[in-house]
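Asker: Questions regarding the structure given below will be posed in turn.
Each reported figure results from applying straightforward, stated rules to the coordinates on display, with no laboratory input. Owing to the predicted nature of the structure, the values given are computational and were not obtained by experimental measurement. So basically every Cβ, Gly included, is an ideal-geometry build from the backbone, and we count neighbours across all protein chains shown.
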Amino acid sequence: MLTFYFPKLKENKVISRIAAFLYSDWYLGFAALTMVCANLFGLELPVYYLYLLVIAFTALFAEDMLPALPLVCCGYMTFSARNNPAVFIETSLFRRPVGYIQLFVIAGLMAVFVIARLVFELIGHPERRKLPRLTFGFLALGVSYVLGGAFSGYYGIKTVLFGLTQILSLLFFYFYFFYAIDWQKAKKEHFAKVFTAIGCGIVLEIVGMYFLPGVVGGNGEINRGELVTGWGMYNNVGCIMAMCLPAPFYFAIREKCGWAFNILGNVFLLAVMLTQSRNSILFGGIIYVGCAVFVLWKTEGRARLHHIIVYSGVAVAGIVTAIVLREEIGDLFASLIYVGTSNNGRWEIYKKGIEQFLKYPIFGNGFYECHAFQWGSLPSGSFLPPRYHNTYVQLLASGGVAALAAYAYHRVQTALLFFRKLNLEKIFIGFSVLVLITTSFFDCHFFNFGPGLLYACLLVMAEKMDVEQEERPAQLQTENG
């Protein structure tokens, strides 16, 4: 932006080197590593100040806002268990003025830089002033969220605000990155690089969860109920980990050393299993099979042989480990084995949701009159309402037929988006999106803010797979500022 008005800034070595770093693979590692540091060591505020510096530099000096995309994806997973405001009400950093005031200031400054750059891009690039393909589906969904509970007697400002927040988490960055990134210069494999880096970071966060107090019982058994982070419990972590699962398998097809990425993908699958989320293990496992099929289908010769060796080795190692370490594995997954195939009260939840829908079939009864059983505990007056752990029951109970119809319209638009000019990139982005959609059959991930941010970024990257690409040089571009 500033380099557009002051062209000599492009000749500054410091600025050009920082800009080159922000478009490098090293930067993606930086984003994931800082995410892990914040999560494991409670360093949220120092990391957020670093993110602020990156956003400020990107908005002022970079070619476009592409470097902001991995920060958006990583940001939600930075919160540490020790600062979880829902659990540690008295000690959490974000329950004290010193924490939440700084957080608000950082967020406010980021918003100023982000919006300023968006205005600059729209003024400087009139050719970008067109509506994205998913516009009307998102708008329909947003309207249905805001109208949730209308005419039911439960309609109020709180449900309107939650509906707005919910839809903004799904669409804001979809629209923002549509306009603020020069997609002719963004490489098609960028989505896989971002989600591979995030996945590596989440693997470390999962390992970190096992060192939390109360996870290992006195008899050595693991209590999965204590596997929590500052941004969610094991089900939430399992969903995000499973969404990252397809990314390495894309490189297993594309890269010369594809077998190494295949191994990494299997590590990601192991990490999904270690979250002990039955939902994520089930649907992540199904997506894993789909990825494996594509890897074997799209490779040939020696590359395919290498992949067959990897899959065979993984199978043999799994069988041998299950036999030799049978007791240790039993302790590791003791609480998961105990719960077995229990629906954990979900059928009763769904029944109550349908009953509420039948009382108010057009617009439902809003988000806060949820009489379903609530796992865990939320602070009194929490902005986040208890939810039904199923996308379709949630839509019907909270927004009625109007919300379900809007969601169906949005889903048709996303299907058309992916199948139009279908290519390998869209297939693997689609696998990640499918993880969110399918795990939301038995959980509330689609109504959690974090997965919504990743969903928005995946959709805009899928839409821009059709753009003809140009080479992005390391130096800043004259025309983009």
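Asker: Roughly how many whole Å is it from the C-alpha centroid of segment 153-196 to that of segment 228-277?
Answerer: 22 Å
Asker: To the nearest 20 debye, what is the magnitude of the charge dipole of segment 12-90 about its Cα centre, counting +1 on the Cβ of each Lys and Arg and -1 on the Cβ of each Asp and Glu?
Answerer: It comes to approximately 180 debye.
Asker: Looking at the square roots a ≥ b ≥ c of the eigenvalues of the Cα gyration tensor of segment 288-346, which shape do they give, rounded for a/c under 1.5, prolate if a/b is larger than b/c, or oblate?
Answerer: Oblate, because a/c is 1.5 or more while a/b does not exceed b/c.
Asker: Read phi for every residue in segment 425-435 and hand back ³J(HN,Hα) as whole Hz from Karplus 6.51 cos²θ - 1.76 cosθ + 1.60, θ = phi - 60°, with x for Gly and Pro.
Answerer: These are the phi-based 3J(HN,Hα) values: 4, 5, 4, 6, 4, x, 4, 5, 5, 4, 4 Hz.
Asker: Run through every distinct alpha carbon pair of segment 1-118 and return the Kirkwood hydrodynamic radius in angstroms, one decimal place.
Answerer: Evaluated over segment 1-118, this radius sits at 15.3 Å.
Asker: Now a separate question. Over segment 20-70, what relative contact order in percent results from Cα pairs under 8 Å that are six or more residues apart?
Answerer: 34 percent
Asker: With unit charges on the beta carbon (Lys/Arg positive, Asp/Glu negative), name the residue among 319, 42, 31 whose Cα is farthest towards the positive pole of the charge dipole of the chain.
Answerer: So the residue furthest toward the plus end is 31.
Asker: With an 8 Å cut-off on Cα pairs and a minimum separation of 6 or more residues, tell me the relative contact order of segment 238-294 in percent.
Answerer: 44 percent
Asker: Using unit Cβ charges (K, R positive; D, E negative) and no other charged atoms, how large, in debye to the nearest 20, is the dipole of segment 1-139 about its Cα centre?
Answerer: 180 debye
Asker: Sort 118-131, 416-429, 190-203 by packing, meaning the average of other beta carbons within 10 Å per residue, with the highest value first.
Answerer: 190-203, 416-429, 118-131
Asker: Also, quick follow-up: Starting from the Cα-Cα distance between residue 312 and residue 437, subtract it from 0.36 nm times their residue separation and give me the gain in nm to one decimal.
Answerer: That pair, residue 312 and residue 437, stretches by 42.0 nm at full extension.
Asker: In square nanometres, what is one fourth of the surface area of the convex hull spanned by the alpha carbons of the chain?
Answerer: If you wrap the Cα atoms of the chain in a convex hull and average its projections, you get 23.7 nm².
Asker: Using only helices, what value at 222 nm comes out for the chain when you add -39,500 (n - 2.57) per DSSP H run of length 4 or more and divide by the total residues, to the nearest 500 deg cm²/dmol?
Answerer: Here the helix-only value at 222 nm equals -21000 deg cm²/dmol.
Asker: While we're here: Note down the magnitude of the dipole of the chain about its Cα centre, charges +1 on Lys and Arg C-beta and -1 on Asp and Glu C-beta and zero elsewhere, to the nearest 20 debye.
Answerer: 620 debye
Asker: Putting +1 on Lys and Arg Cβ atoms and -1 on Asp and Glu Cβ atoms, find which of 126, 219, 442 reaches farthest to the positive end of the dipole of the chain.
Answerer: Of the options given, the answer is 126.
Asker: Okay, next question. Take every Cα pair under 8 Å in the chain that's 6+ residues apart, average their separations, divide by the length, and report that relative contact order as a whole percent.
Answerer: 24 percent
Asker: Charges on Cβ only, +1 for Lys and Arg, -1 for Asp and Glu, centred on the Cα centroid of the chain; of 364, 102, 138, which one is farthest towards the dipole's positive end?
Answerer: 138
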